[in-house]
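Below is one structure, written out as structure tokens, with a few remarks after it.
Bear in mind that the values in this text are calculations on the coordinates, not laboratory data. The model shown is predicted, which means the values in this text are computed figures rather than measured ones. Here the Cβ is made from the backbone with ideal geometry for all residues, glycine too, and neighbour counts use every protein chain on show.
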Amino acid sequence: MKYLVLGRTGVQVSQLCFGTMSFGGDADPQESARMYRACREAGINFFDTADQYNKGRSEEILGELIRGSRDDLVIATKCFNPTGSDVNARGSSRRHVRRAVEASLKRLGTDRVELLFLHHYDALTPLDEQMRALEDLVRAGKVLYPAVSNYTAWQTQGALAIQERSGWARLQAIQPMYNLVKRQAEVELLPMAQANGVSVFPYSPAAGGLLSGKYTDKGAQGRLVTNKMYQTRYGEPWAHDTAVQFAVFCKAHGWHAMSAAVAWVASHPAVTAPIIGARSVEQLRASLDSVKIDMTPALRAAISALSRTPPPATDRLEEANK
């Protein structure tokens, strides 16, 4: 396992981050513990969760597991999504963010998190208020480094400008969706992050399992079959065609498709660490094995050619390869 610097912090994180969305849901406490131990044995020191994951149970289970080794770990959590029925129990207002983080810290059994991601952009709350919410928590010592997830490049750049102008702690990380069939981040988000020295921790590197290889078999079960959100997100026929071609490519090279999917995401120069997840240790192994693949520029280009390359931000396709 290699370690890379988180943004401009000097803090080193493992080249893979483990996302605990399955803790308390698809994975019971016992299986969650098995996966946690497998990650630690592999050298992972970076774990990501969110207050909404299984109604807070993910944070509770992770908090139990990190007891005794908290200072060896980098912990990230997120807030924005509803945590109750009240109209204000959601969003990125200073009121909600503060209350959400205090609740997360209690569930995690810790006095701080290294990273707090605002989970989605809040159209109801001005951007300067969102950044002030993060700043308040940094000054209180409850959050060390601000971060955002699912923000556009212009929203992220705007946030950085507000922080610089105000003398506040700057964003150190973003968490976008990025995989072989969802490559929009390549157009502006990833270059923006590189230009600003902001770490990128992409989620869904295997496209919700589409790129794992299992959906090439008829009758396969998983989120793409049972979850309408994933069916919509990855429902276009071309994406499934790409997944089939990718599976064939991986088989020819002797790789598990999941390993190659994660390795491809990790190979982008703007990416610090992909966020991997699993429902069981057996499923987790393939993602951990991604570090064994030497994703050379030529190999990355060959895999990229299986998918649709998004047009440049100017949409001037004739200049894309100049």
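Using only the Cα atoms, work out Rg/Rh for region 57-115, with Rh taken as the Kirkwood radius, to two decimals. Result: Rg/Rh = 1.01.
Using 18 Å as the cut-off for backbone N distance, which residues of region 292-315 belong to the label zone defined by a point 7 Å from the Cα of Gln194 along Cα→Cβ? Only 295-305, 309-315 fall inside the zone, counting backbone N under 18 Å.
At q = 0.09, 0.12, 0.18 Å⁻¹ the log10 of I(q)/I(0) for region 177-310 amounts to -0.24, -0.43, -1.01, computed by Debye summation with a single uniform scatterer per C-alpha, solvent ignored. In summary, the lysines within cross-link reach of Lys2, defined as a Cα separation below 23 angstrom excluding same-chain residues under 8 places away, comprise Lys292. A viscosity of 0.890 mPa s and a temperature of 25 °C, combined with the Kirkwood radius over Cα pairs in Stokes-Einstein, give a translational diffusion coefficient for region 3-175 of 151 µm²/s. Binning the C-alpha pair distances of region 97-138 at 5 Å intervals from 0 yields a P(r) profile of 5, 20, 32, 24, 12, 6, 1 %, listed from the shortest bin outward. Mean-square fluctuations from a GNM of the chain, with a 10 angstrom spring cutoff on Cα atoms, peak among Ala195, Ala76, Ala153 at Ala195. Restricting the trypsin sites (Lys or Arg not before Pro) of region 11-85 to loop positions (DSSP other than H, G, I, E, B) with no more than 15 neighbouring Cβ atoms within 10 Å leaves Arg67.
So what's Rg/Rh here for the chain, counting alpha carbon atoms and using the Kirkwood radius for Rh? The Rg/Rh ratio comes out at 0.95. Given their separation in residues at 0.36 nm each and the Cα-Cα distance between them, Asp241 and Arg165 gain 22.7 nm when the chain is fully extended.
When the helices of the chain are scored as -39500 (n - 2.57) per DSSP H run of n ≥ 4 and the total is divided over every residue, the value at 222 nm lands at -12000 deg cm²/dmol. Per residue, the convex hull spanned by the alpha carbons of region 6-49 comes to 67 Å³.
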